[in-house]
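Before any comments, here is the structure.
The values are calculated or read from the model by the stated rules, or taken from the named source; none is laboratory data. All figures in this text were calculated on a predicted structure; none of them were measured in a lab. Virtual Cβ from ideal backbone geometry, glycine too; neighbours counted across all protein chains shown. Side chains included, ligands, DNA and RNA excluded: accessible areas come from the protein's heavy atoms. Shrake-Rupley method; radii C 1.70, N 1.55, O 1.52, S 1.80 Å.
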Amino acid sequence: MNQARHLRFWLIGFALFAAVLWVLSGMLLPFVAGLAIAYFLDPSVDRLERTGLPRWAGAVVVLLSFVLVAFCFVLLLLPLVQAQAVLLIDTLPHYAQVLRERVQPAIEDLVHRLSPEDVERLRTAAGEYAGEAVGWIGRVLRGLLSGGLALFDVFSVLFITPVVAFYLLRDWDVLVGRVDGWAPRQHLSTIRAQAQEVNRTLAGFVRGQALVCVVLGLFYALGLSAAGLNFGLVVGLLSGLLSFIPFVGTLFGFVTSTGLALLQFDSLWRVAIVVAIFIFGQMIEGNVLTPKLVGDKVGLHPVWVMFALLAGGSLFGFVGVLLAVPVAAVIGVLTRFALGRYLQSDYYNGAVDSP
């Protein structure tokens, strides 16, 4: 009875927490982003604090350094991205003409081989599937934007997020100690152990995967640009950014760059170079970057990460994407803990008396 009451208490608390997130999801973006930045930068502030620097000063130094690096990175890339975006707009009609010239003969040949009834069925099916695909993409984009970005002006987000990150960095240890003081005393050792496991999992995945995304983005951007592919810089950077979702970044970059290469190049060996860049990038990621930077004991399966990101984006928009990996890590740790308890229990070993 006591265990049932405790379980009911925690389930009600979790339901209330989820309801609050649901109601406030439209305004949480700068706070969630600030929390993510603070979590990412906290080890650096801890190192400066151990050297004798006050916590607030360490938070200022680390956060200003982070903002300066991000600002310089944007200043360096913005002109290049803008130039490629303008070039893409100017080149789209040419690419459309090339695609029509290459695809139209094959379509006409296929139409001649089919009966009028088959052609009409194919046309109807293609229209239905295209409409469904466009509608799905529109709903996803609308959900992401309305879930966060559309309700906050970009400038307000840029202003609020650093302020939130600074206060969280300054008071991080105080906040952790206060939350630790709220934990039930009889389960304190267990809660601390699971919290440490969650922190280890998050640190291993988020910080490691962020470095993997940066390295892959730079590699793809430089490789595709060196191969002479138009828009290679933008495609490479987007591929690296989307690599936070396992396989999505590589798939996006491979399909996009190969399609552009087929439209741009007349020689197949140049298309093969673009394909080889992504094959080599996958080899580096699978054999070097992920084992070294992320590690094999993170405990977050790629399929679980993909499911969490898509589910978070569908339920809470952009804020849900930011919260997806931490929530997935917590659920994974608690699930492994519960499974371990179950395997040690009488229910698993068959010692429970049957009614």
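Table for the structure above
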{"item": "Area accessible to solvent at R185, 1.4 Å probe radius, in Å²", "result": "130 Å²"}
{"item": "Solvent-accessible area per residue, Å², over the range 145-293 with all protein chains present [probe radius 1.4 Å]", "result": "54 Å²"}
{"item": "Spin-label pair S65/L53, simplified geometry with 7 Å Cα→Cβ offset, distance in nm", "result": "0.6 nm"}
{"item": "Calculated FRET value between F31 and L268, using beta carbons and R₀ = 30 Å, to 0.05", "result": "0.05"}
{"item": "For W304, solvent-accessible area (1.4 Å; no DNA, RNA or ligand), Å²", "result": "80 Å²"}
{"item": "Peptides ranked, highest mean first, by Cβ atoms within 10 Å: ranges 278-286, 58-66", "result": "58-66, 278-286"}
{"item": "Ordering of 335-341, 231-237 by packing [mean C-beta count within 10 Å, highest first]", "result": "231-237, 335-341"}
{"item": "Whole-angstrom gap from the range 16-36 to the range 218-244, using each part's C-alpha centre", "result": "33 Å"}
{"item": "F73-R192 pseudo-label distance in nm [points 7 Å out on the Cα-to-Cβ vector]", "result": "3.6 nm"}
